[in-house]
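The values are calculated or read from the model by the stated rules, or taken from the named source; none is laboratory data. What you see is a predicted model, and the numbers here were worked out from it, not measured in a lab. Please note: Cβ atoms are built from the backbone with ideal geometry, for glycine as well, and neighbour counts cover all protein chains shown.
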Amino acid sequence: MSVRRLAELSVQPAAFAFNAENAAWAQHTVTKYPEGRQQSAIIPLMMRAQEQEGWVTKAAIETIADMLKMPYIRALEVATFYTQFQLKPVGTRAHVQVCGTTPCMLRGSEALMDVCRSKIHHDQFHTNESGTLSWEEVECLGACVNAPMVMVFKDTYEDLTPERLAEIIDEFEAGKTVQTGPQNGREFSAPITGYTTLKDEHAVLKTTREKEEKSKPKEAPAAAAADQQVPPSNAAKPKTDAAETNPTTKSPSPVKAKPGAEAVASAPAPLHNVSEANKAEPEVEGTSKQRTGPRAKVEPDAAFKSAELLSGEPIGAAAKAERVAKPSLDDDRRPAGIDKPVAPDDLKLISGVGPKTEATLHSLGIYTFAQVASWTQPQRDWVDGYLSFRGRIDRDDWVKQADALARGGVEEYTRVFGRKPV
């Protein structure tokens, strides 16, 4: 969990007071709680203070603590624990919270953060030059089906592209009102193609159903008998394109296979482990039974090949190519290494570097913070590709972390980042 601290005293206002409307609301809210439990109102009161001032100031925390007759330390615990409370000044027109949790990340939230870096500020919790915009990365905002998404104050903006987010930021900067919700024409969380279920909700009422039943023409006995001949086990079986439910792969199959389906029907099942491969291959006469290792050499991509036969097209080609792609050790972009010093730096102090990564860096001759701090962009790209980190070195800003550690160790790191290295 990250360390959350109050803003510097230089930006803290001297006093805080609710305006007349909010003061009346606060007094009414406190009365909702049982006698002796009024301190439970601290969260809604802090939220209202944040809505009024834009962020939660030290004066606001102390004023609310006095209203609820609670120690300042208890109010500070609440303010610093919940990330919904902004403890530093944020943009007066928009504070953009970008969801970085897995569904949004898979749908491109990192590109949205790049937009914020370019249009607002490179670092989180910093306002732009005019003080009107700021941004931060947050955890799940609760609209995973509409990923990626952002929240600005209380409103959400979903189904975003980097281009659309850039337009939204410009509109907030210009003081315009921005349409909330999905940005691609979707209605709430419904499929983009429109509703697919519950289209006949008008027939839910009993009176409506009875009226429709009376208006229906009576079925001929032959048709009714045909309906009764459907086996119950198959009556509601869905029709899909999956190979598992494809009737042409059954044996015997009453369905005539389409051209090319013979290969699908005769395709071998994927070999999921080495033991299955051993059972499938007969023993070759004259071979030794005392040898080590499996009798059959199974290709790592056997499951890929079986899936390709079933689908009729290559599967996982890009993933396989990406898995084996690695920059060469002779690449000109590789940062220069040094001999191991007597006391190498503890590279694990850099966020994103664990024992295994540190060992890999040592194998490349990287032992000191100063080396990491001096990496150029091509050198960072090379190391990132060698470690298969997919841009993590720049996302975690190893260079800035290493520079702080090289200049003043943990103390300087804490001063720069507001927290100790993990």
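Remark: pairs (first residue in the range 330-359, closer than 16 Å to Asp396 by Cβ and exposed (fewer than 14 other Cβ atoms within 10 Å of the Cβ); second residue at pLDDT 90 or above and of a type outside the set (Asp, Glu); Cβ separation under 7 Å; 6+ apart in sequence or on different chains) = Gly354/Lys348.
Selection over the range 395-422 of residues that are over 24 Å from the mean Cα position of the chain (by Cα) and of a type in the set (D, E, K, R) gives a count of 7.
Yes or no, residue by residue, for (1) crowded, with 17+ Cβ neighbours inside 10 Å; (2) more than 25 Å from Arg48 (Cα to Cα); (3) at pLDDT 95 or above:
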| site | (1), (2), (3) |
| --- | --- |
| Ala94 | yes, no, no |
| Ala111 | no, yes, yes |
| Glu139 | no, no, no |
| Thr161 | no, yes, yes |
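Restricting Thr101, Thr57 to those that are surrounded by fewer than 19 Cβ atoms within 10 Å (Cβ to Cβ) and in contact (Cβ under 8 Å) with a residue 24 or more places away in the chain reduces the list to Thr101.
If I filter the range 99-154 down to residues being among the charged types (D, E, K, R) and in a helix (DSSP H, G or I), which single residue comes out as farthest from Val11 (Cα to Cα)? Steps first, answer last, please.
First, the residues of the range 99-154 that are among the charged types (D, E, K, R): 107, 110, 114, 117, 119, 123, 129, 136-137, 139, 154.
Still in the running and in a helix (DSSP H, G or I): 110, 114, 117, 119.
Values: Glu110: 31, Asp114: 28, Arg117: 23, Lys119: 24 Å.
Filtering first and then ranking leaves Glu110.
Counting only residues that are outside any helix (DSSP H, G or I) and under 24 Å from the mean Cα position of the chain (by Cα), the range 68-86 holds 5 of them. Within the range 167-185, if we keep just the residues that are surrounded by 15 or more Cβ atoms within 10 Å (Cβ to Cβ) and aliphatic (A, V, I, L, M), the residue that is farthest from the chain's Cα centre (by Cα) turns out to be Val178.
Taking Ser10, is it exposed (fewer than 11 other Cβ atoms within 10 Å of the Cβ) and within 37 Å of the chain's Cα centre (by Cα)?
Values: exposed (fewer than 11 other Cβ atoms within 10 Å of the Cβ): yes; within 37 Å of the chain's Cα centre (by Cα): yes.
Yes: the conditions hold for Ser10.
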